[in-house]
Amino acid sequence: MKNNLRVLLAKKRQKVSDLAKGTGLSKSALTALYYGRTKHPDIRTLKKVADYLNVSIDELLTVDD
């Protein structure tokens, strides 16, 4: 699974700290997601991030071939 969080944040000129403030999620959890260290992210976390960035979860995560 490919994580597009880096690309989406860059397009919106946002940082992980902005995302943490906007979603109420911990910066450490979002940093782990940002760097792809989270193997099985929680669906509630993904939903909050996707809503904040105004994208679908499918846009946030894509399946690798």
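Counting other C-beta atoms within 10 Å, and keeping those with at most 13, which DSSP coil chymotrypsin sites (Phe, Trp or Tyr not before Pro) do you find in the chain?
Hits after loop and neighbour filter: Tyr35.
Say a site is exposed when it is one of the trypsin sites (Lys or Arg not before Pro), sits in a DSSP loop, and has at most 11 other Cβ atoms within 10 Å; what is then the longest site-free stretch of the chain?
40-65
Using all C-alpha to C-alpha distances in the chain, build P(r) with 5 Å bins and read off the rounded percent in each one.
Taking every Cα pair in the chain, the percentages come to 4, 19, 34, 31, 10, 2, 0.
Can you tell me the 0 to 90 degree angle between the C-alpha axis of helix 43-53 and the longest principal axis of the chain, rounded to 10?
Here the helix axis deviates by roughly 60 degrees.
Would you work out which of Gln14, Tyr34, Leu53 lies farthest towards the positive end of the dipole of the chain? Charges go on Cβ: Lys and Arg +1, Asp and Glu -1.
Looking along the dipole axis, the top candidate is Gln14.
For n ≥ 4 DSSP H runs only, could you compute -39500 (n - 2.57) per run for the chain, divide by its residues and tell me the 222 nm figure to the nearest 500?
Helix contribution divided over all residues of the chain: -15500 deg cm²/dmol.
Keeping every protein chain present and rolling a 1.4 Å probe, give me the accessible area per residue for segment 4-61 in Å².
67
Carbon-plus-sulfur fraction of the accessible area of the chain, 1.4 Å probe, in percent?
Ligands and nucleic acids excluded, carbon and sulfur give 49 percent.
The values are calculated or read from the model by the stated rules, or taken from the named source; none is laboratory data. Because the structure is predicted, anything quoted here is derived from the model rather than measured. No Cβ is skipped: glycine too gets one built from the backbone with ideal geometry, and neighbour counts run over all protein chains shown. With ligands, DNA and RNA removed, areas are computed over all heavy atoms of the protein, side chains included. Shrake-Rupley method; radii C 1.70, N 1.55, O 1.52, S 1.80 Å.
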